[in-house]
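Reviewing the structure listed below.
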Amino acid sequence: MDKGFFATYFDFSQIKPESFITATKETLYMTFVSMFFVIIIGLLLGLLLFYFGKSEKKLYRFGYEVVSLVSNTFRSIPFIILMILLFPVVKALIGTMLGPSAAIPALVLSAAPFYARLVDIAFREVDSGVLEASTAMGATQFQMIYKVLIPESLPALISGVTVTTITMIGFTAMAGAVGAGGLGTLAYQAGFMGNDYPVIMLSTLLILAIVFIIQGIGDLCVKLLDKR
């Protein structure tokens, strides 16, 4: 007899909590370690895009085109393909193509250009009058970046981090299909390959819970920092 809908998807009686605890930890590890590097690289690339893009000098315009091309290239490659392409590099670096750590290079290369574009947009939204005033008062470029540009665009930057982190969680689920670990691997191997739909459902619910928590924290931070 065929199982009913709830028995097919919500019969968690055979679920092993230990496997989900481990998988959740792996997903969080991949997400937050990758985001640490994504924020650093994305901010640097975003700054380059912002400063090169507003300059009329030919050298800077050429620099903007180069950075933009690199950013667009890595943003355009589907994540799963990029991860497969990086298998030989990752194996040479860490000695294995499997596990959460092996997924991090591909996660960073996929998400950093995406966040860089969000950083560039956030910086462009800063009132040009504020930047001109800081320059008139003798602020150096470095002072203008950390005392004016970043503080003024902080709500937008945090909103970008929130969006990128949620995108990253989706990437970790895809990485699970090729042995990266985490909830994606659990859903694919134990769930799909094992025809165990409660495993898939619980993995999905846990991913949704992580997404909602991150979105809530991000929205709260933006609300507290937004001076408008």
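The values are calculated or read from the model by the stated rules, or taken from the named source; none is laboratory data. A quick note: this is a predicted structure, and the numbers were derived from the prediction, not measured. Note: ideal-geometry Cβ built from the backbone for every residue, glycine included; neighbour counts use all protein chains shown. These accessible areas exclude ligands, DNA and RNA; they are computed on the full protein's heavy atoms, side chains included. Shrake-Rupley method; radii C 1.70, N 1.55, O 1.52, S 1.80 Å.
Using C-alpha pairs under 8 Å with a sequence gap of at least 6, the mean separation divided by the residue count of the chain gives a relative contact order of 27 percent.
In whole percent, what relative contact order does the range 1-127 give with Cα contacts below 8 Å and a gap of six or more residues?
Details: 96 pairs, mean separation 47.2, N = 127.
Worked out over the range 1-127, it gives 37 percent.
When the Cα positions of F10, L47, A111 are compared along the charge dipole of the chain, L47 comes out farthest toward the positive end, with charges on each C-beta of Lys, Arg, Asp and Glu.
Suppose every K and R has +1 on its Cβ and every D and E has -1 on its Cβ; what is the size of the dipole of the chain about the Cα centre, in Debye to the nearest 20?
On the way: 15 positive and 14 negative charges, 100 e Å.
It works out to roughly 480 debye.
Only one of (1) 0.93; (2) 0.96; (3) 1.08 was calculated from the structure for Rg/Rh (Cα atoms, Kirkwood Rh), and its label is (3). Counting only protein heavy atoms and using a 1.4 Å probe, the accessible area of V161 comes to about 40 Å².
Axis of helix 100-124 versus longest Cα principal axis of the chain: the two differ by about 40°, to the nearest ten degrees. The alpha carbon centroids of the range 125-183 and the range 62-79 are separated by 17 Å.
Compute the long axis of helix 17-54 from its Cα atoms, compare it with the longest principal axis of the Cα atoms of the chain, and write down the angle in degrees, 0 to 90, nearest 10. Helix 17-54 sits at roughly 20 degrees to that axis. Remark: the range 5-97 carries 65 Å² of accessible area per residue (probe radius 1.4 Å; ligands, DNA and RNA excluded). Accessible surface calculations at 1.4 Å, restricted to protein heavy atoms, place the range 157-228 at 50 Å² per residue. Could you check how much of the accessible area of the range 1-124 is carbon and sulfur, as a whole percent, using a 1.4 Å probe? So the carbon and sulfur contribution to the accessible surface is 72 percent. From helices alone, the chain scores -25500 deg cm²/dmol at 222 nm; the rule is -39500 (n - 2.57) for each run of n ≥ 4 DSSP H residues, then divide by the residue total.
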